[in-house]
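Asker: Please find one structure pasted underneath; my questions will follow.
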Amino acid sequence: MKEKIKVLVLSDHPFSPSGVGTQTRYMVEGLLETGEFSFVCFGGAIKHNDYKPQKWEKYGDDLVVYPVDGYGNHDMIRSVLRTEKPDILWFMTDPRFFSWLWEIEDEVRALVPMVYYHVWDNYPLPKYNKIWYDSTDVVAAISKVTHDIVANVSPDVELHYIPHAVNSGFFKPFEKEEKEKLREGSGFDNKFVVFWNNRNARRKQPGTLIFWFKDFLDRVGHDKATLIMHTDPTDVNGPNLGAILHELELTSGEVKFSTSKIDFPQMAALYNMADVTVNISDAEGFGLSTLESLSCGTPIIVNMTGGLQEQVTNGEEWFGIGIEPTSKCIIGSQDIPYIYEDRISKNDFVDALEKIYNMTSEEREALGQRGYEHVNKNYNFKHYVTRWRSVLKEIHKKHGSWETRKRPTPWELLEV
């Protein structure tokens, strides 16, 4: 029997609801179906009640998740490399969370190649990331913006474009009758429904959205539209959204919160029930909720930043409304010296909402249908898995297995 390629994964827990966790799950489950891979995962970024290794009957020993705090540490990596003997190390999310891993890249890459599924939001070119890119065997970019950034900052690193994907088995357009039944059952049959699905966090601009939505209601009528926000209104990382509603006197159902953790079919129902999905984040690596919305045939309104840009248009057609930032401020920190923060204007956003509102249902349906075709062509689940299968198999072929690893030479001899 042919030996399976074993991959060590450092990421959000593959069964967590985050975008990072969802994309990790898509990659892992898709490749498990091929029968050519097995996975050992550090399941991070969520709270754990039990730190015992987790297995699932469906996958047996081919999928083992070790619950961890954060994403791991030096000693955990050293231990799992020696005990599990993986062929490839695959890790994903913002590079700030993996500086500790790159500190021991000389140890790690002597044993396994490092594959980084890279998330980066914006320009200017982050030259301060060059040391991380150059300390990695392969970088896979989640968006065209990220791909361009890595290509310019570290032109010598092996680079692939593997955008996020949607599982259209769940996220798909419902029949018209089913949509109408959903809306009637929820009391939205005569309302224009705006959907927002994000974490209540500063960069997602949830408070701004509510204030601007009130301005939209002032234009069209407070009984004409409802904003559904799938989020935690009391998340400590964001504003108190309930207090904002009371301050603005939006207490008659103009804004509704969906706070329960729901599965893919239920989420697809919310997208299908909406007339438009919005995302006005000032920084967005990709923006999975709007991609899921398009996959359900619901158009989007987005800030033209990060990966949102390639969702709303293919350069020729539009699948909603993309709003150009009116402000591009340089912000930063000690770890990230500089990066643009893109802000749109209130008037542009309210105008965009009103434009979608004034469309006929047939016009909105046609716009959403084009978006569905765009996602189905460029961001489908099958292509996502195929790309990862091809890249990981080629890496394995190039670098070998544990016993046949072609060790990189961290030095060279020069004649003087």
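We did not get these values from a lab; they are worked out from the coordinates using the rules stated. Please read these numbers as outputs of a predicted model, since none were measured by experiment. Virtual Cβ from ideal backbone geometry, glycine too; neighbours counted across all protein chains shown.
Asker: Can you tell me the relative contact order of the stretch 262-393? Whole percent, Cα pairs under 8 Å, sequence separation 6 or more.
Answerer: 24
Asker: What ranking do 336, 5 get, fewest neighbouring Cβ atoms within 10 angstrom at the top?
Answerer: The fewest-first ordering by Cβ neighbours comes to 336, 5.
Asker: Largest first and to the nearest Å, give the Cα extent of the stretch 17-113 along each principal axis.
Answerer: Principal-axis extents of the stretch 17-113 (Cα, largest first): 36, 28, 23 Å.
Asker: Within 10 Å of each residue's Cβ, count the other Cβ atoms and sort 13, 48 from fewest upward.
Answerer: Ordered by Cβ neighbours within 10 Å, fewest first: 48, 13.
Asker: Taking the convex hull of the Cα atoms, report for the stretch 234-279 its projected area averaged over all directions, in nm².
Answerer: Over every viewing direction, the Cα hull of the stretch 234-279 projects on average to 4.3 nm².
Asker: Where does helix 361-378 land angle-wise versus the long Cα axis of the chain, in degrees 0 to 90, nearest 10?
Answerer: Result, in degrees: 0.
Asker: Rounded to the nearest 500, what is the chain's calculated 222 nm mean residue ellipticity when only DSSP H runs of at least 4 contribute -39500 (n - 2.57) each, over all residues?
Answerer: Theoretical 222 nm ellipticity from helices: -11000 deg cm²/dmol.
Asker: According to the square roots a ≥ b ≥ c of the eigenvalues of the Cα gyration tensor, what is the shape class of the stretch 124-221, taking rounded for a/c under 1.5, prolate for a/b larger than b/c otherwise, and oblate for the remainder?
Answerer: Verdict is oblate for the stretch 124-221.
Asker: By a straight-distance test (C-alpha under 21 Å), which lysines pair with residue 179 as possible cross-link partners, with residues fewer than eight away in the same chain excluded?
Answerer: Straight-distance partners of residue 179: 191, 224, 256.
Asker: Pairs of alpha-carbon atoms within less than 8 angstrom and 6+ residues apart define the contacts here; what relative contact order does the stretch 176-378 have, in percent?
Answerer: 19
Asker: Round to the nearest 10 and give me the degree value, 0 to 90, for the angle of helix 346-357's Cα axis relative to the longest principal axis of the chain.
Answerer: So the inclination is approximately 70 degrees.
Asker: Continuing with the same structure: Counting only other residues whose beta carbon sits under 13 Å from that of residue 264, what net charge do I get with K and R as +1, D and E as -1?
Answerer: 0
Asker: Separate question: For the stretch 340-404, what class follows from the C-alpha gyration tensor (a ≥ b ≥ c being the square roots of its eigenvalues): rounded when a/c is under 1.5, otherwise prolate if a/b is larger than b/c, else oblate?
Answerer: Oblate.
Asker: If you wrap a convex hull around the alpha carbons of the stretch 80-187, what volume per residue comes out, as a whole number of Å³?
Answerer: So the per-residue Cα hull volume is 179 Å³.
Asker: Can you tell me what percent of all Cα-Cα pairs in the stretch 176-378 are more than 27 Å apart?
Answerer: Summing the P(r) of the stretch 176-378 above 27 Å gives 26 percent of all pairs.
Asker: Treat the count of other C-beta atoms within 10 Å as a stand-in for reagent exposure and order 161, 340, 116 from fewest to most.
Answerer: Final ranking by Cβ density, sparse to dense: 161, 340, 116.
Asker: Calculate the spin-label point distance for residue 377 paired with residue 178, positioning each point 7 Å from the Cα along the beta-carbon direction, and give it in nanometres.
Answerer: 2.5
Asker: Based on the Kirkwood radius over alpha-carbon pairs, what value in µm²/s does the Stokes-Einstein equation return for the translational diffusion coefficient of the chain at 37 °C and 0.692 mPa s?
Answerer: It comes out at roughly 145 µm²/s.
Asker: Straight-line reach only, C-alpha to C-alpha below 20 angstrom: list the aspartates and glutamates that residue 4 could link to, leaving out same-chain residues fewer than 8 apart.
Answerer: Qualifying aspartates and glutamates at Cα under 20 Å: 29, 33, 36, 57, 61, 62, 84, 87, 394, 403.
Asker: With axes computed from alpha carbons, what is the tilt in degrees of helix 381-399 against the longest principal axis of the chain, rounded to the nearest 10 within 0 to 90?
Answerer: 20
Asker: From the phi of every residue in the stretch 84-96, what ³J(HN,Hα) in whole Hz does the Karplus formula 6.51 cos²θ - 1.76 cosθ + 1.60 yield, where θ is phi - 60° and glycine or proline is x?
Answerer: With coefficients 6.51, -1.76 and 1.60, one gets 8, 6, x, 8, 9, 10, 10, 9, 8, 2, 4, x, 4 Hz.
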